[in-house]
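Please read the structure below before turning to the comments.
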Amino acid sequence: YLLPETTQQFNVGVTYHTSDLPAISYFSVTADAYYNRISDKITIVYGMPFSSVRNIGLVGIKGCDINFSANKNINKNSDLQLNANYTFQLAQDKQKNTDTYNDIIPYTPVHSGSASLTYRYKKFDAGFNLVFAGKRYSGQNADIFNYLKPYVDQNIFAGYSLKSFKFQAELLNIADVNYAVIQYYPMPGRHYRL
């Protein structure tokens, strides 16, 4: 039996973008700071052989998101685009008089983000991207038994567009990093996708 979540959200943000820089065709940066107060937060606790879903009485989330984008038109047929984002998110159990008071809620890294660099030439594109997540905990208690180590997943890709179709080849997890987004469910090592 699960109760519905109730959330109070407070947010302030700023965005700056311009096309007037001499070396860059377009530049944009966005920053948001927020605080969320969630009653009856629904969380999943993954396990073997079964997982469970439950409410956490009160969760406080302090955070900020920073997004960055830049584009350089090399000539009329090609351009280079860079995108990056970073998230700081401290999501804590704020239900007083419990063993888990002020612990980080399961599977919520404090630091995470991504970046991508893409080159486009006519109908061809190629690039590199990465995703990272800092330390996390698989359970409600922030102890060594629930600890999940940080990871960085790096990928390269190349694609070609032909009319309504896009053909793309990817080399994923190129560093062959052994990591798990969810405990007991390891992600694949280096692999390919067409």
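The values are calculated or read from the model by the stated rules, or taken from the named source; none is laboratory data. Keep in mind that this is a model prediction, so the values were computed, not measured. Note that we place each Cβ from the backbone using ideal geometry, even for glycine, and neighbour counts take in every protein chain shown. These area figures cover heavy atoms from the full protein model, side chains too; ligands, DNA and RNA do not enter into them. Shrake-Rupley method; radii C 1.70, N 1.55, O 1.52, S 1.80 Å.
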Counting only residues that are open to solvent by 50 Å² or more (accessible area, probe 1.4 Å) and in contact with a Leu (Cβ under 6 Å, 6 or more places away or on another chain), which one in segment 55-80 is modelled with the highest pLDDT?
-> Lys62
Report the residue count in segment 126-185 for those that are under 24 Å from Thr100 (Cβ atoms) and of a type outside the set (A, V, I, L, M).
-> 17
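Okay, residues lined up against (1) open to solvent by 70 Å² or more (accessible area, probe 1.4 Å); (2) assigned to a strand (DSSP E or B); (3) of a type in the set (Ser, Thr, Tyr); (4) at negative phi:
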residue: Thr118; (1), (2), (3), (4): no, yes, yes, yes
residue: Gly139; (1), (2), (3), (4): no, no, no, yes
residue: Tyr160; (1), (2), (3), (4): yes, yes, yes, yes
residue: Ala175; (1), (2), (3), (4): no, no, no, yes
Among the candidates Leu171, Leu148, Leu130, which residue alone is within 30 Å of Tyr35 (Cα to Cα), open to solvent by less than 50 Å² (accessible area, probe 1.4 Å) and at pLDDT 95 or above?
-> Leu130
Which pairs have Cβ atoms under 6 Å, sit 6 or more apart or on different chains, and link a residue in segment 1-18 that is touching a residue at least 12 places away in the same chain (Cβ under 8 Å) and farther than 12 Å from Ile42 by Cβ to one that is of a type in the set (A, V, I, L, M, F, W, C) and open to solvent by less than 80 Å² (accessible area, probe 1.4 Å)?
-> Val12/Ala33; Val14/Ala31; Tyr16/Val29
Are there any pairs, at least 6 apart or on different chains, whose C-beta atoms fall under 7 Å, with the first in segment 42-56 and under 19 Å from Ile104 (Cβ atoms) and the second among the charged types (D, E, K, R) and assigned to a loop (DSSP other than H, G, I, E, B), and if so, which?
-> Ile42/Glu5
Condition check for Asp20: out of contact with any Ser or Thr (no Cβ under 8 Å at 6 or more places or on another chain), loosely packed, with under 15 Cβ neighbours inside 10 Å and under 30 Å from Asn146 (Cβ atoms) | no
Any chance Asn83 is under 19 Å from Asp143 (Cα atoms), open to solvent by 30 Å² or more (accessible area, probe 1.4 Å) and not aromatic (Phe, Trp, Tyr) = no
